[in-house]
Every structure is written in structure tokens, then in C-alpha cells.
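What follows is calculated from the coordinates using simple rules that are stated; it is not laboratory data. Not measured: the values here are computed from a predicted model. A quick note on method: Cβ atoms are made from the backbone with ideal geometry, for glycine too, and the neighbour counts reach across all protein chains shown.
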């Protein structure tokens, strides 16, 4: 009986999780598995992934990466890691100084910004190289060669009776299909500590000699949004066998100054050979109808044997059961609103996707570990959307993994602030592992990424309120606040501190030299500096006078006609359609953030109503809808919150695999998934100052009987 209540776990797993399962009100196994992904046809937007947060591997309906060209305009077939980066040779010796441009802000303060130059040959070339490099590397394709009875290679249209499932409970993708009436079974899993995948193939095509495993390795790609591979320059990289024995091989990959290693073992003998400069083929032994294979990727040459398929399967299952049985859970099965099942599907799949794509040692790129967007670099303003939900779902350790990176780039962030004449550290916007800024027309003008690490630190303290947490993050908190206080400029005419041009707000349509005092950023400045001051109190330090001066005298949010303006100069914000585009981020000032003294809820309520009445929804992005929902929840408008989560807009689409689709260029967008998880957790568990009732962010109309457990209240 106990095993059934715990989701039918067996043996050791049932024993390990017995206390948690016995106390649970939600049948987590049923909750998760009823949202498994099932495909019965080729869907190029429905490719499925396995991974562990540091590494991910995305496959087509064959269960491996057999037809990458077919999926290029869908969700591409990626093999990416946190460590896999590449740079083209810097033949021009380009440095950031080549793209710096000086601007004047208020109080005659001048500073330089890394802009996207178009005015000189060297500056243009430097801009291109610094934006493209480093870029995330596609580590290689592992697919099948399927041979038809007439000896020709099968294309994807030759596959019949497709039946593919992602089992979320174990992290296993099982793919079944037929080629000319002959069944093929492929089972695939990813190891949850090491960067490797393992698969099992069963088919009569093996003894017929009509199935091979193929490994192909590309050069790094300089494309903005793409799968991340380049097949057109085979002479610029090397793929070599450095070890070969019965049932195992080691390969070395060299791309300019980047080196990594691929290990592979397989069952039942078989033979591997180099078929082309960057192509290797494995022919299974025809005496068997099964092949088990493990492939690992590593920046360092490893020794010893790789785990077997059975070992990887056990590792994956144990880790995923632990993931699903720990932390938060929300069950919508007793809700009668017809939208509830779809909301549950999005929530469960978003948990899976963010676990494998966003829970690594670096902040994620917007497309995670599936394909390159913005050359594979990460955008720090998006780290809030990628990471806050981990804390609210009581999986804060998955956010904490990326915090060491902020310590690692502290010197680089300090150099940006110093170059611009400010104190503390200024966190970059679009960057790679080194923390170097990328030249951009937006990049260093953006400021809303600045308070994020401080917000994260406060989340850590709320869950572990001890001296160790304060000591661990105090440098990040204090240096972040030092910059923020020095960035705010005092205007003697009104006696207030302002956020002055040049800057670009989160609603990026406004020009940097014409933008002052964006409301979300002002509220975030007040919240972050006040929180940093609390940290000083907790550490028994006296308040910082400079911070307090800014806190006490920040300019209130600008308004007109009872509505908050997107920035001080946008007086026609609600009459000019051009200002009703992009992120309606004014709502983030009381949605993402708690109430600050700068803000009046009644004016924010008017502003939300106006935005919901008329906005250019096609210009919005995936995280805008959960942001609106959080704002509506805080304002006591739960029906509007639900409506926001289901706004009928293309960029609010969630594909069969759970990915948040944006447009033909950006087919997946993980900030949308993370934002959804943040909003739903907040609507269920509440927020500081929320009404003391169950599910305060959901409508109290009898249709939303939401069950949840293990969630954490939002600030």
C-alpha cells in the first residue's frame, strides 16, 4: 500500500522517500506522468530533450539526432553544455576599447558605453568580433543511418507508426517507429551528474545490417540565432581518434584554441571507424538485435570506463524521482475552469525544461542548452526570469549554482563601473563566461539587471536566515548597492535623485538619450537599496549614509491622467500607439516587486486596466504575461491574473514539448517558462502582504480548487 501511495516506487527509492510521500496531499507521480509528452507524428517544433542543467541533448522522432536539417526551422537538435564555448581567432587584436563611445549624463557626468559601431572600419570589425565571440558550441550530432531494403538511406518520411514519449518521472525518451514494417525501439536518458547520454536500440534492422550510429562534429557558428553548427569549414577543426578498443573509443576535438573530448562505449562488440574528417560510424554486431551505447562529452580527457546504459537509467530515474518528490507541487485536477488542465501541463513541463536547461553554473541563454540565441550568450536581465522560480518552488539550490559566477566576474564588473566613473560593480548585460560586455545598441544602456543578484541574495536569506548566508553574499549585496547609489543622480532643483539618460529601460523601445526615470527601475532601485541596508543591520553594521540618502529622496514614479508613465519623457504614453509596444514593464514595479513608498496601488490598478484594454500584444514577449498576472494578483484582481496567463497572443504559445514559442526566429524562450512558474507559485502561496487565505492570486469563484505543497511565499 505504501509503495502505491508513493507513486509505485520500488525497493530503495520507496524507502528513501517514504516520509515525504506519506505526508503528501498530492499524488505527485500521477500529477507528473499525466503530463508526459506523447508524439505520434513528425513535429519539428516538438523535439524532446534530456539533460541535467549543465548539459542537454535534443532529439527528433528517431530518438536521436538523425535528421537535423529537417528540424533546423523548428526546435533544433542541439548538444550543448555550460563549458562548451569557442572563439574565432582574434586576428585584429580587437578589444572593448575599440567600441567605446562617450556619453554625457546629468550633473556633467561623462562615461563610456560599448556600443554597436557603424562609423569606422575598425570599430565595425571590432563590434562584430566582440559580439560573436565567444559563442556557445554545438558539441556534435549523434544520429542513426537507417537503410531501406533497396540499399538507399531512409529519409524522415519513410518512418511509420511513430510513437514517442517523454516520461517525466524518469527523464527517459522512448521512441518507437517502423521502417518498411520493421519496428525500431530507442530509449534515451541523460546522466544527472555527468555530461553524457546513454541509449538502447532494439530492432531487426541491426542483424540485417541496415542500422548504424553516426557521430558528426561541426565547427563553431557565428550566427545570431541558429542551431550553433557550421558544416562548411571542415579544414578549420580536427576530429581524431586517440583511443580505440573493443566496445569503446575516445575522440579529441580541436577548434582553434578550444579542445574537448568525446568518449563512447557500446555493447555486443560492433566496429567503429572514421568515415570522413569529422564523421564516425558505429556498425553494431549483426549477431545481435540490440545495441546499448553511452557517449560522454568533457572539456578534459577522462580515463576509465563510462557507465553502462543500465547505470545511467538508474541514475536518471533516481534523480528525477528526487526532483519531483522534493520541492513544490501544484495540482489542478480538481479545478473546473476549462483552462486548468492546460495550465497544469504548462507548469509541469516548464519545471522539467528549466531543470535541464537553466539550472547550471552560468546564467542561461534565452534558449537554454538547445540552440544558440545571441550567439549562445546570456542576458543578465533575464536571469530573474530564469532563476527566481527555483526559490519559490523550494529548489533554491538550483538557483544558487549560478551565483558563484557573479563572484568570479566581480573584477570585470568593477572595471565597468570604474570606467564609467561609478562606485561598486556594474553587472554586464549580454555576456559569456568571462563577464565581458558585448557591444550593443542596448547592452550597457540597460540597468535593470543590476539589482538581480541582490534580489537573489535576499531569497537565499529568507530560506536560510543565518550568519553564513549573510557572509556568503555580503560582497555581492554591498558592491551592487554601491553602484546603484552612485548611479542615481541628485537634482538640486527638485531635491530628488533620478535615473538619468543615457539609459534604456526594460521597455526597450525608448531611446537612451531621451529616457529618464523609468518606473520599474526606480522601484527596483528603492527595493534593492532598502534591502541592502537591511543586510547591514543584520550584520550589525551601521546604515550606509549614501544609500539612505538615495532611498529617502528617490523621485516618485511619474504619472499623467491617473496612469503611470513608462518613463518621465513619455507624456503621450497612452495616446501614442508606438508607446504601447514591447514589455508593459511598468506593471513589474508592483508585481515582480513588493510595494514601495514610490508607488500608489490605485494608480497602478488604473494603469493595469489601461494596458489590458489596449496594448500591442504581438510585440510583447513570453514573460510579459506572467508579469501582468503577478501585478494583477497583488492588486486583488485574480480573474485578470488568470486572463493574463492565457492572453491570446502568439508569444504566449506553449508547444507540445512545453517550450514557450515566440516567432519564426525564436522558437523557444525559457524566460517565459520561468516566468510562468514564478507567477503560478506566487498566486498559490502568496506574497508578503497577501490576503490571509488559500490561493490568494487565484479567483475565488469555486472553479479554481488548487492544491499545492512545498511552495515558498514571494517577497
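Cα convex hull of region 508-620: mean projected area in nm², to one decimal?
Working: hull surface 30.8 nm².
Its Cα hull, projected and averaged over all orientations, spans 7.7 nm².
Given just the C-alpha atoms of region 96-230, how large is their convex hull per residue in cubic angstrom? Let's see the in-between values first.
Details: hull volume 29.6 nm³, N = 135.
Output value, Cα hull per residue: 219 Å³.
Translational diffusion of region 621-664, estimated by Stokes-Einstein from the Kirkwood radius over alpha carbon pairs at 10 °C in a medium of 1.306 mPa s, is 148 µm² per second. Quick one: go through region 180-208 and flag any residue whose amide nitrogen is under 20 Å from the point 7 Å out along the Cα-to-Cβ line of residue 271. Backbone N within reach: 205-208.
Output the 0 to 90 degree angle, nearest 10, between the alpha-carbon long axis of helix 340-357 and the longest principal axis computed from the alpha carbons of the chain. Its long axis makes an angle of about 80 degrees.
If you average 1/r over every pair of different alpha-carbon atoms in region 340-680 and take one over that average, what Kirkwood value in Å do you get?
20.2
The per residue volume of the convex hull around the alpha-carbon atoms of region 268-344 is 243 Å³. For region 353-436, the equivalent ellipsoid derived from the alpha-carbon gyration tensor has semi-axes of 24, 15, 10 Å in decreasing order. On a 0 to 90 degree scale, rounded to 10, what angle separates helix 467-487 from the longest Cα axis of the chain? So the inclination is approximately 60 degrees. Dimensions of region 420-555 along the principal axes, based on C-alpha atoms and rounded to the nearest Å, stand at 43, 41, 25, largest first. Annotation: the antiparallel percentage among DSSP beta bridges lying fully within the chain is about 95. Site pair residue 468 and residue 303 shows an inter-label distance of 3.4 nm when each label is modelled 7 Å from Cα along Cα→Cβ.
The fraction of all Cα pairs in region 165-282 landing in successive 5 Å bins from 0 to the largest distance is 2, 9, 16, 17, 18, 18, 13, 6, 1, 0, given as whole percents. For helix 670-685, report the angle its Cα long axis makes with the longest principal axis of the Cα atoms of the chain; keep it between 0 and 90° and round to the nearest 10°. Tilt relative to the chain: about 70 degrees. Computed over the alpha-carbon pairs of region 225-284, the distance histogram in 10 Å steps reads 19, 48, 26, 7, 0 percent, short to long.
Projecting label points 7 angstrom from Cα along Cα→Cβ for residue 705 and residue 664 puts them 4.7 nm apart. Radius of gyration (Cα atoms) of region 78-161, expressed as a multiple of 2.2 N^0.38 Å: 1.98. Its alpha carbons give region 588-671 an Rg and a Dmax of 13.7, 43 Å. Once the Cβ-Cβ distance of residue 69 and residue 38 is raised to the sixth power relative to R0 = 25 Å, the FRET efficiency obtained is 0.50.
Considering all C-alpha pairs of region 260-390, those separated by over 23 Å amount to 58%.
Using every pair of separate Cα atoms, the Kirkwood estimate puts the hydrodynamic radius of region 493-549 at 13.0 angstrom.
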